Structure formats: structure tokens, C-alpha cells
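Undergrad: A single structure is presented below for examination.
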Ligand code: GLY
């Protein structure tokens, strides 16, 4: 009976826990979590609560339970070197070492790597450590994106038109970031439609999983502040309706070249997930950023569709033999809707912000899948935290049915919560298609 350690406590990890425990090999799951996720706990033989920077606690828990391998869900433990610490005690991990996780944790590392190895997809960009030359470069760009280097929890990137308007505003923001000691990547803003291409990588072989589109904005119609992601969909053909057939191949080719470049650059194979945030533009597919893990919510779209035994997938990633395994996904549509506290993403002085810590009731979600995220299970019930609470996923032969299942599931969560009704609707998808038609002029 394989013993597998899962690190992480979100809905993405709940979906990972489900994928692990549905294996034919009947594994025993051991979970190390920052806070108690009731969904993961219910699937685990044993859980331990602790900090993702406590390498001793994590390795101790792994040794004590004779773990065969670990699956690392979020970016924080990757950035803290959890894979490295486990490797030192001969426990392999699905999740890159600290150095290789720079793919996500250092945006300048990835932009420079893509440039150095002449891989397509980069925007015009420059990395700055002082304000010298920033103004001149800002003047060269049509639209501007500012990215502080390092992990920013998805909140550090500032985009012209969303977070600031003029070049003067941009210069002030650059001064602030550089004054704080962080280096800064200034880059060209792309116009287009984004998609998530999550790939499995064993260091040599890169395998694509179905494409997903996430919805970052808090409110329907893509309005309001950016969030960690309010929901996502995928389609039975594993592509996106606004892409040209070549686009998926181009994104995958970029990821293949980046995997090869990582091996050349560091001498070590990248074992884990390379999640490319891509954007289809009038000039083809461009790279926004990489994450060194599955997406959240995107993991909830693709893991339930995986037909191949996930424990086998992990073993092949670790052994470097992904080329020997046929990895298959069901050809179904998925719609994931995050149920969030009403106050999620709103300023602290907003009247709805008070809803954050309230109690919720979860009724029958029908045919939908339910993945817990930031909820606090107390003796007297389930409580919201400040963050996304529950991912509800509908899976069906077509998008309309998948959305209906997700909508019915969402309605079973009672309390001061909110969600985006428009995710997975034909109208929203048509908007994406029309946007691409307009910018491609076809
Ligand atoms: N879907 C956004 C993220 O996982 O970073």
C-alpha cells in the first residue's frame, strides 16, 4: 500500500487528495496542512498541521509515516525548499526544487531564461534594480505591465488600465517598488485572451493537460478587483473556443523548450507541474508567466477528468519515464465556481467585509463535486475565512449541462456568500470569441 504525503490545504489540494485516493493502488494519504481542510482530512489516514517553512516538521512527518513520495500543492512550500529537504532524506517529490521553482518565484529568472534560449513568447521587457533607465523604457512601450520580482500572492502585478493609467503613474509605482528593495520587471502589455496550459513534466517529457480558462475578476462581466480566481471552465475537446488550432501546439512547444532550458541551465530535471499562463494575441501565443504547480481553481477542472491512475502519473514523473505512460483525460466539459465570502476582494471598510468570518451551511450539492478551500471547521459548524471558501465543479458532456450542475451545487451553500453566475455561460464565451476576432481582424 503506497504511502503518499500531500502538502497543502486548499481546494486544489482537495482535488489532488481525491485524485490520489481514487488510485487503484489504494494508497494511504498523509496530509501536511497549514490549516485543517475538512475535505482533505476526510480522505487522509493521518494529518499534521504546521507551517510550510517548518522543514523539520515536514520531513519528520514523512519519515515517521514511511512516505514513498510527496506531492507538493502550493508555491510557498516549493519556495521554502520542501522538495530539497525531502530529497535529502531520499523521499522524492512531485514538485520542483527551490532552484527550479524559480520558474514561478522569480519572474526575472524566467523572462531571462526564455530570452537566453531564444524561446518564443516573451514580451519586450527589462529587469531593473534601480530607477535608472526606467522612464526611457516606459516611453518605448504601448501598454505597460509592472511585476515586482518574487512571490506576491498574485497581488503584485500592476497592469496599465487596471491598476494605473498613465506613464507618470507607472513611474511612481516603479519608484515605490524599487525603493522597497525588490527588483522589478517592466514589460509590454498584451491584448488578447488568456488560457492556462498545465503541463506535467519529468524533466525531459512534457505532457499537456486540457486547457482551462480562469476568471480573475471578482464580479460578473469581468468587473471589480482581481482575485485568486473566481472560477474556470474547460471543454470536451480540451481546447478553448477562441484559439486557433496552432495556438495550443505553440504554447506546448514553448513549455517543452522551457523544460529543456531549465535542464541545461541548472543541470537538474524539473519534476512537477509547469503551468503556463498564456495569452492568445494578434501576433500568436505569448507567455504571461509560469507557475510551478497546478492552478487553483484550474486543478479542479482537470484532475477529475484524469482517466490514468494519478499515483502512476506521479511515479513516472519521479522516475523520468513520462514518455512510457499514456495519460488520458475524459472528453467532458467542466465548470468550476468558487463560493467566496461576500466580502472577498473588497476593501476592509466595505459593509460586506464583515461577512468574512460567518458560519455557512453546506446542503446537498447534487451531481456537483465539492472541494473545500479556506473554511474553518469548528465544533459547531463550518465558518468562512477571508479567502475563497469552496470550489463547486460541474462535469458533463457539454458546457451548458456542466454549468447547470455547478449552479445547482453552488445554491446548496447557504450563508453570506457570493459567486460568479456568468462563468461557463455562452454569452461570456462568445464575448471572448468576439474579442479575439476583433484583435485578429478575422
Ligand atoms: N489560477 C491562478 C493561479 O493558480 O495562480
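Undergrad: Under 15 Å from a point 7 Å along the Cα-to-Cβ line of residue 163: which residues of region 108-128 have their amide N that close?
TA: Hits in region 108-128 for residue 163 at 15 Å: 108, 128.
Undergrad: Counting helices only, and only those DSSP H runs with n ≥ 4, report the 222 nm mean residue ellipticity of the chain as the sum of -39,500 (n - 2.57) divided by its residues, in deg cm²/dmol to the nearest 500.
TA: -9000 deg cm²/dmol
Undergrad: In Å and from the alpha-carbon atoms only, list the Rg and Dmax of region 291-434.
TA: Here Rg and the maximum Cα pair distance are 17.6, 55 Å.
Undergrad: May I ask for log10 I(q)/I(0) of region 183-263 at q = 0.14, 0.22 Å⁻¹, from a Debye sum over the Cα atoms as equal point scatterers with solvent left out?
TA: So the normalised log intensities work out to -0.63, -1.15.
Undergrad: In nm², what is the average projected area of the convex hull enclosing the Cα atoms of region 189-319?
TA: So the mean shadow area of the Cα hull is 8.7 nm².
Undergrad: While we're on this one: Sort largest first and round to whole Å: the equivalent ellipsoid semi-axes of region 25-85, each the square root of five times a Cα gyration tensor eigenvalue.
TA: One finds semi-axes of 18, 14, 11 Å for region 25-85.
Undergrad: Averaging over every viewing direction, what projected area does the convex hull of the Cα atoms of region 353-418 cover, in nm²?
TA: One quarter of the hull surface, i.e. the mean projection, equals 4.4 nm².
Undergrad: Determine, for each peptide in 430-437, 337-344, the mean count of other beta carbons within 10 angstrom over its residues, then list the peptides with the highest first.
TA: Descending mean neighbour count gives 337-344, 430-437.
Undergrad: Return the Rg/Rh ratio of region 278-325 with Cα-based radii and a Kirkwood Rh.
TA: Here Rg/Rh amounts to 1.09.
Undergrad: Taking just the C-alpha trace of region 231-274, give me its Rg and Dmax in Å.
TA: 13.9, 38
Undergrad: Related question: Starting from the eigenvalues of the Cα gyration tensor, five times each then square-rooted, give me the equivalent ellipsoid semi-axes of the chain, largest first, whole Å.
TA: For the chain, the ellipsoid semi-axes come out as 31, 27, 23 Å.
Undergrad: Å³ per residue of the Cα convex hull, for region 93-211?
TA: Spread over its residues, the Cα hull of region 93-211 gives 135 Å³ apiece.
Undergrad: So, one more: Using the Kirkwood radius built from alpha carbon pairs, what does the Stokes-Einstein equation give as D for region 156-211 at 20 °C and 1.002 mPa s, in µm² per second?
TA: 149 µm²/s
Undergrad: Still on this structure, please answer the following. For the ranges 84-92, 413-421, what's the packing order if you count other beta-carbon atoms within 10 Å of each residue, average per peptide, and put the highest first?
TA: 413-421, 84-92
Undergrad: May I ask for the Kirkwood hydrodynamic radius of region 1-116, worked out over all distinct Cα pairs and given in angstroms to one decimal?
TA: One over the average 1/r among Cα pairs gives 14.4 Å for region 1-116.
Here, each number is a calculation from the coordinates, and none is a lab measurement. The structure displayed is predicted, hence computed values, not measured ones. Every residue, glycine as well, gets a Cβ built from its backbone with ideal geometry; the counts of neighbours run over all protein chains shown.
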